[in-house]
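Structure first, commentary second.
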Amino acid sequence: MDKADNDERARAHGDGGAAALGIALDAARADPAITEDARILLREQARLARMQADQIDEEAALARWTSRVRHANEVMKVAFQLSVALVVLAIVAALASAMWSAARDNGLVIEAFSVPPDFATRGLNGEVVASQLLDKLTHMQEETNSIRPADTYRNNWGDDIKVEIPDTGISISELNRYLRHWLGHETHITGEIYRVPDGIAVTARARDAGTTFTGKEADLDKLLQKAAEAIYGETQPYRYAAFLSEMGRYPEAFIVAKKLTAVASPAERAWADSLLGNFYQFYNMPGNAIATLRAGVAADPSNAHAWDNLANAEQSLDHVEEGYRYTRQAVLLYDKDAAAFDPDRVAIIKLQDKSFLTATVGDFLAAAATDETIRQLPDRNASQQQAAIDEALQVVMDHDVPRARMLLAQVHAASPNTRINLWFQSAAVAYFAHDWNTLSHLLDRGAAFRIAPVSFRHALEALYTRIPDSLLAEAKAEQGDIAGARRLIAITPVDCYDCARVRGRIDMIARNWDGAAYWFAIATREGPSIPMAFNDWGTMLLRKGHYDGAMVEFAEASARGPHYADPLEGWGEALMQANRSDLALAKFSAAAGFAPNWARLHLEWGKALYYLGRKSEARAQWKQAAQLYLSADDRAQLSRLLAL
């Protein structure tokens with residue numbers, strides 16, 4: 001093989017080792033002597049290939065490991081950055097929260113008092129004295145029955161949480177105190193005790209220069225009480241007036257409330273007028289009360305409590321329409337949380353208002369259910385007892401006399417206010433039960449005023465000339481003393497809704513139809529949203545035999561009180577008297593849904609069934625009536641019907 005052929009083969013196999021291998025293999029075929037060298041070359045080439053492959057594998061593994069390390073490093077870097085960001089965010093959030101809380105802080109902080117050295121050696125150091133003042137302030141707040149929440153008193157030494165911020169030596173509590181001082185509106189209470197020639201002097205100050213009280217050293221507790229009251233009066237004057245009222249210190253409370261009405265802030269003036277109006281009402285000065293309460297509402301129309309007090313004042317004068325309208329406004333504002341209120345107190349007041357609203361339009365079942373809810377809530381200022389008394393009134397107006405009596409029997413009246421309410425609702429139960437003798441006994445003026453504390457007698461006198469005198473007048477008329485009834489009702493105010501109704505009912509009993517219509521017309525104008533006077537008017541026309549007119553008035557009453565059973569029952573009676581007993585059944589059935597324990601309803605329902613020839617169903621209704629409370633007249637009628 002010549003050189004040209006070998007070069008051609010080298011080009012054909014490529015350069016380097018591959019070409020050499022090809023040449024060696026060709027040479028081995030021609031020359032056996034070099035066969036062994038070829039084998040050695042092949043083995044070395046194979047070993048070299050394996051080493052190259054191993055090296056490639058190692059480099060690939062190293063590359064993969066490096067990639068993983070690089071990825072893990074990136075992940076750790078991101079995680080670290082996120083952690084730092086979260087820590088920074090948490091610090092910023094905590095600082096923002098602390099700043100927000102500090103900016104809203106309106107609390108009252110009691111600093112340690114300055115005291116004589118010998119006081120400190122006896123254990124009465126500045127912190128101990130300040131703690132005693134704090135205890136007295138806390139007690140007064142607990143004794144204050146007010147819907148308005150209290151600012152909180154706290155000391156300025158007992159909240160030091162020793163968690164240091166690194167590298168600063170500043171504790172968290174110190175930072176919080178700094179923020180409250182910088183951004184908040186804290187009032188710091190300071191004071192001192194020092195010796196005077198006749199004993200000691202105690203000075204406490206908040207926003208003003210402070211008040212000093214002097215006395216014997218043995219009177220330190222009394223002096224601290226006076227200092228606490230001075231602080232309470234300065235820092236929370238509205239609640240201080242309420243506290244004085246709770247303690248029976250009415251002249252002092254009146255003066256504090258009167259001073260508050262001069263405060264420039266409309267929101268504060270609304271609270272002050274609201275409280276002062278209540279005091280005017282308490283002292284039987286209704287004109288001043290209404291004017292002051294209206295001024296409070298005008299000062300801050302968003303204050304639900306001001307509307308509520310105005311509603312109560314109007315209701316105490318038996319201005320039922322105004323009381324109903326203003327109470328609705330109060331409930332709307334309570335639901336909007338337009339002003340700051342004690343949440344536990346306002347929850348009960350809202351339920352009491354809603355019970356009043358539903359009862360005013362004749363939905364006594366709903367009102368009683370609301371009162372039952374109040375009885376299940378934690379007691380606040382005898383709210384459970386009051387709810388039981390109110391529920392008794394709702395169920396007796398729904399014609400369930402036995403349940404009303406049972407509820408009243410469960411009430412254990414401890415306070416004068418609860419005793420007065422129990423007395424009045426017991427009289428109401430007797431009235432709706434047509435128990436005229438019991439009613440006359442309960443409403444004896446001498447007995448009523450013996451129950452009431454001296455401080456309450458002004459308000460009781462104002463109340464008496466409206467509802468109790470009206471009920472007594474109707475009792476006289478029912479017992480045949482029309483002249484006595486008219487003399488008694490004549491002293492009641494003419495703008496009193498229920499007084500006008502009773503005037504009409506007395507004329508109805510006397511069969512003076514025109515007189516009754518006159519008074520019922522006045523009552524419906526006084527209370528256009530209230531169904532009761534319309535129902536009275538329908539009852540009068542029913543007794544007169546004017547059935548079509550009666551149905552018109554019963555329809556008016558039902559439109560205003562869709563869940564009011566009385567006009568539905570009266571409507572059924574009018575239909576029955578007009579020979580439409582078939583239509584009367586639907587009215588009686590609807591009424592039974594709202595007054596299920598009304599015996600007279602079942603008695604009249606049975607009559608309608610009897611007239612339709614459904615005698616077995618009629619007897620079932622009469623037997624049901626026999627199981628319920630019946631007046632003496634209705635029971636006599638039932639006996640005659642069962643004999644048919």
Problem set entry | Principal axis dimensions, largest first and in whole angstrom, of segment 186-275 by Cα | 45, 30, 17
Exercise. Taking a point 7 angstrom from the Cα of Arg457 along the C-beta vector, which residues in segment 274-294 have backbone N less than 15 Å away?
Worked result: 283-284
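Compute the length gained on full extension between Ser639 and Lys216: take 0.36 nm times their separation in residues and subtract their Cα-Cα distance, giving the result in nm to one decimal. It would help to have the intermediate numbers written out before the result.
Numbers: separation 423, 0.36 × 423 = 152.28 nm, distance 8.08 nm.
Full-extension gain reported as 144.2 nm.
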Problem set entry | Hits among lysines - C-alpha to C-alpha of Lys623 under 25 Å, sequence gap 8 or more where chains match | Lys587, Lys607, Lys615
Problem set entry | Under 29 Å from the Cα of Lys476 - lysines, other chains or at least 8 residues apart | Lys544
For this session: Quote to one decimal, in nm, the extra length available between His139 and Ala267 on full extension: 0.36 nm per residue of separation minus the C-alpha distance between them.
Result: 43.4 nm
For this session: Starting from the Cα of Ala298, step 7 Å toward the Cβ, then list every residue of segment 319-335 with an amide N under 11 Å from that point.
Result: none
Seminar exercise, completed: Here P(r) for segment 534-628, Cα-Cα distances in 10 Å bins, as whole percents, is 20, 50, 28, 2
For this session: Report Rg (one decimal) and Dmax (nearest whole number) for segment 177-327, counting Cα atoms only, units Å.
Result: 19.4, 64
Seminar exercise, completed: Nearest-0.05 FRET efficiency for Arg450 and Ala291 at R0 = 35 Å, using Cβ-Cβ distance, is 0.60
Exercise. Label points 7 Å out from Cα along the Cβ direction at Asp548 and Ala409: separation in nm?
Worked result: 5.0
Seminar exercise, completed: Once both label points are put 7 Å beyond Cα along the C-beta direction, the Ala578-Arg525 separation in nm becomes 2.7
Exercise. Label Ser114 and Ala586 with points 7 Å out from Cα along Cα→Cβ: what is the distance between them in nm?
Worked result: 8.6
Problem set entry | Cα-based convex hull volume of segment 323-452 per residue, rounded to whole Å³ | 116
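Can you give the translational diffusion coefficient of segment 405-483 in µm²/s, computed by Stokes-Einstein from the Kirkwood radius over Cα pairs at 37 °C and 0.692 mPa s? Working shown, then result.
Numbers: Rh = 13.1 Å.
Roughly 250 µm²/s, to the nearest whole number.
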Seminar exercise, completed: Note on segment 444-493: C-alpha Rg/Rh, Kirkwood Rh, two decimals, gives 1.05
For this session: Take the solvent-accessible surface of the protein heavy atoms, probe 1.4 Å, and return the percent of it on segment 293-335 that carbon and sulfur atoms account for.
Result: 51
For this session: With the full set of protein chains in place, find how many percent of the accessible area of segment 572-612 is carbon and sulfur; take the probe as 1.4 Å.
Result: 49
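Using 0.36 nm per residue, how much length does the chain from His434 to Gln52 gain when fully extended, once their Cα-Cα distance is taken away? Write out the running numbers ahead of the final one.
Values: separation 382, 0.36 × 382 = 137.52 nm, distance 11.83 nm.
Using 0.36 nm per residue and subtracting the Cα-Cα distance, I get 125.7 nm.
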Exercise. If one puts a single equal scatterer on every Cα of segment 439-579 and applies the Debye formula without solvent, what log₁₀ I(q)/I(0) results at q = 0.16 Å⁻¹?
Worked result: -0.85
Exercise. Rounded to whole Å and sorted largest first, what semi-axes of the equivalent ellipsoid does the C-alpha gyration tensor of segment 226-278 yield via the square root of 5 times each eigenvalue?
Worked result: 17, 13, 8
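What per residue convex hull volume, in Å³, comes out for segment 373-442 when only alpha-carbon positions are used? Could you put the intermediate results ahead of the total?
Working: hull volume 5.1 nm³, N = 70.
Expressed per residue, the convex hull around the Cα atoms of segment 373-442 is 73 Å³.
Find the eigenvalues of the gyration tensor of the Cα atoms of segment 258-413, then list the square roots of 5 times those eigenvalues as equivalent ellipsoid semi-axes, largest first, in whole angstrom. It would help to have the intermediate numbers written out before the result.
Numbers: eigenvalues 174, 52, 41 Å².
Largest first, segment 258-413 gives 30, 16, 14 Å.
The values are calculated or read from the model by the stated rules, or taken from the named source; none is laboratory data. Owing to the predicted nature of the structure, the values given are computational and were not obtained by experimental measurement. With ideal geometry, Cβ positions are generated from the backbone for all residues, glycine too; neighbour counts draw on all protein chains shown. SASA here: full protein model, heavy atoms, side chains in, ligands and nucleic acids out. Shrake-Rupley method; radii C 1.70, N 1.55, O 1.52, S 1.80 Å.
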